[in-house]
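Please treat every number below as a calculation from the coordinates, not as lab data. Just so you know, these numbers come straight off a predicted model, no measurement behind them. All Cβ positions, even for glycine, are placed from backbone atoms using ideal geometry, and neighbour counts span all protein chains on display.
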Amino acid sequence: MGIGISNGIPQADAVEGGVATYKKSLQYMNFSEGDSMMGKPIDFVFLGSCTNGRIEDFRLFTSLVKGRSKAPNVTAWLVPGSHQVEKAIKDEGLLASLNEAGFELREPYCSACLAMNDDKVPAGKYAVSTSNRNFEGRQGPGSRTLLASPLVAAAAAVTGKVTDPRELMELETA
Amino acid sequence: MAYDKFNTLKSSAVPLPIENVDTDQIIPARFLKATERKGFGDNLFRDWRYNSDGTEKKDFVLNNPTYSGKILVGGKNFGSGSSREHAAWAVYDYGFRVVVSSFFADIFRNNCLNIGVLPVQVSAEFLDKILKAIEADPKATFEVSLPEQTITIEGSGESEPFDINVYKKANMLNGFDDIDYLLNISEEIKEFASDRPL
């Protein structure tokens, strides 16, 4: 299911697709109906996958973490979608900003989208992920996935919790 | 022949009345790396079937000796999620030849048809009857006739027709995948090609 980051988790009777399935999902995530997403602690951030591993995604992510620091409780996997994207990240100077903020790039791959390699989220841990699938165990057995945009992932990476990126952005005034 | 021919199957069935069973549950990604199709059945429903230490989860239906058979009865929207063909291979390799549901994810359905698993889509009402029949008697048998395109609850005689693409039906009756089909008509292909310019 999808909700706005500043919206609460819906009540079971307000969602489509069956109360039993919904409650099972909440139980898996250890969330409750009516919870606010904001401020929920997270453990991993994954920027990557074919969904959000493009140069635009790395530009957005970098724009928010630049001048800030990765939260110490967060393990961050930044995985370009291709070697072309990886090259562009370096050529555009994004890598320097990312490194200064405490982030490193990994080799282009599927990575934590489906946890076929060692990029696995441990059981019970929360990952803010820019991939597009959050099935049970998708990012490793027992892993808990919050799908999000690159900006939401960036905000979580520097604060260590679910954060509205708009709070960290310098909003233009008219 | 890519897989065993399918004509008519009489079997008991294994109930898995869970909706939206996705391919990550059918076979988790960490078990996809292999050089041949055999062996995926060992990891079918891996994380529902085994604890992290490798011991069996006693409450999962595949570990319950009460239930057995070549028919798997799933809930609505079976096979959703990633398009991994391994999900269908795992179902076949475990020993199921038929999956019954009231709705199949499209890619999973087609993967099944390509590799010898018959997806039988029935009405929600008939699915409920099948599950009730298994609940009443775990050894209840069902007849799935591909030529007739019907599934029958043998105890009550209740039956429902199902749809299947005519080409896939013919292939499954012959045990053909798409390549087998083309090889089987290679003489006709050669003849057709012989009087046409390259």
All lysines inside 17 Å of B:K33 as judged from Cα atoms, apart from same-chain residues fewer than 8 positions distant: A:K120
For the protein assembly as shown, calculated [θ]222 nm from helices alone, where every DSSP H run of n ≥ 4 adds -39500 (n - 2.57): -8500 deg cm²/dmol
Rounded to 5, the percent of DSSP beta bridges in chain A classed as antiparallel: 15 percent
Per-q log10 I(q)/I(0), the stretch B:100-146, q = 0.15 Å⁻¹ (Debye; single scatterer per alpha-carbon; no solvent): -0.46
Reach of B:K168 by Cα under 18 Å, taken over aspartates and glutamates that are not fewer than 8 positions away in the same chain: B:D4, B:E85, B:D106, B:E148, B:D177, B:D178, B:D180
Förster radius 30 Å - calculated FRET efficiency between B:T66 and B:T35 (Cβ-Cβ, nearest 0.05): 0.25
Within the stretch B:82-121: backbone nitrogen closer than 18 Å to the B:A170 label point (7 Å, Cα to C-beta): B:113-116
Bins of 10 Å, starting at 0 and running to the largest distance - Cα pair percent for chain A: 10, 38, 34, 14, 3, 0
In Å, descending, principal axis extents of the Cα set of the protein assembly as shown: 70, 63, 46
Nearby lysines by direct alpha-carbon distance to A:K90 (threshold 16 angstrom, same-chain neighbours under 8 apart not counted): A:K66
Per-selection metrics, chain B (Cα): Rg and Dmax in Å: 18.1, 65
Reciprocal of mean inverse Cα separation for the stretch B:124-198 (Kirkwood radius, Å): 15.4 Å
Surrounding net charge for B:E125, when Lys and Arg each add one and Asp and Glu each subtract one, Cβ distance under 12 Å: -1
Under 5 Å, built H, 5+ apart or other chain: amide partners of A:G137: A:G142, A:S143
Listed residues B:F45, B:F31, B:F142, most fluctuating in chain B (Gaussian network, C-alpha, under 10 Å): B:F31
Fraction of beta bridges assigned by DSSP in the protein assembly as shown that are antiparallel (%, nearest 5): 40 percent
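Can you work out the FRET efficiency for the pair B:D59 and B:A124, with r the C-beta to C-beta distance and R0 = 30 Å, to the nearest 0.05?
0.75
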Filter on B:K38/B:K132; B:K70/B:K169; A:K40/A:K125; A:K40/A:K70 - keep pairs with C-alpha separation over 23 Å: B:K38/B:K132
Value in Å of the Kirkwood radius, where the stretch B:45-93 supplies the Cα pairs that are averaged: 12.6 Å
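What longest range of chain A stays clear of loop-exposed GluC sites (Glu not before Pro) (DSSP non-H/G/I/E/B, at most 12 other C-beta within 10 angstrom)?
A:17-103
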Among A:F103, A:F58, A:F135: highest mean-square fluctuation, GNM of chain A, C-alpha pairs under 10 Å: A:F135
Value of relative contact order over the stretch B:76-127, rounded to a whole percent, pairs C-alpha under 8 Å and six or more apart: 42 percent
Cleavage-rule hits (trypsin sites (Lys or Arg not before Pro)) in the stretch B:22-57: DSSP loop, at most 15 neighbouring Cβ within 10 angstrom: B:K33, B:K38, B:K57
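Estimate the FRET efficiency between B:S186 and B:S159 by the formula 1/(1 + (r/R0)^6), using the beta-carbon distance for r and 35 Å for R0, to the nearest 0.05.
0.35
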Evaluated over the stretch A:72-163, the Cα radius of gyration and Dmax, each in Å: 13.2, 38
Simple spin-label estimate for A:A12 and A:Q27 in nanometres, 7 Å along Cα-Cβ: 0.9 nm
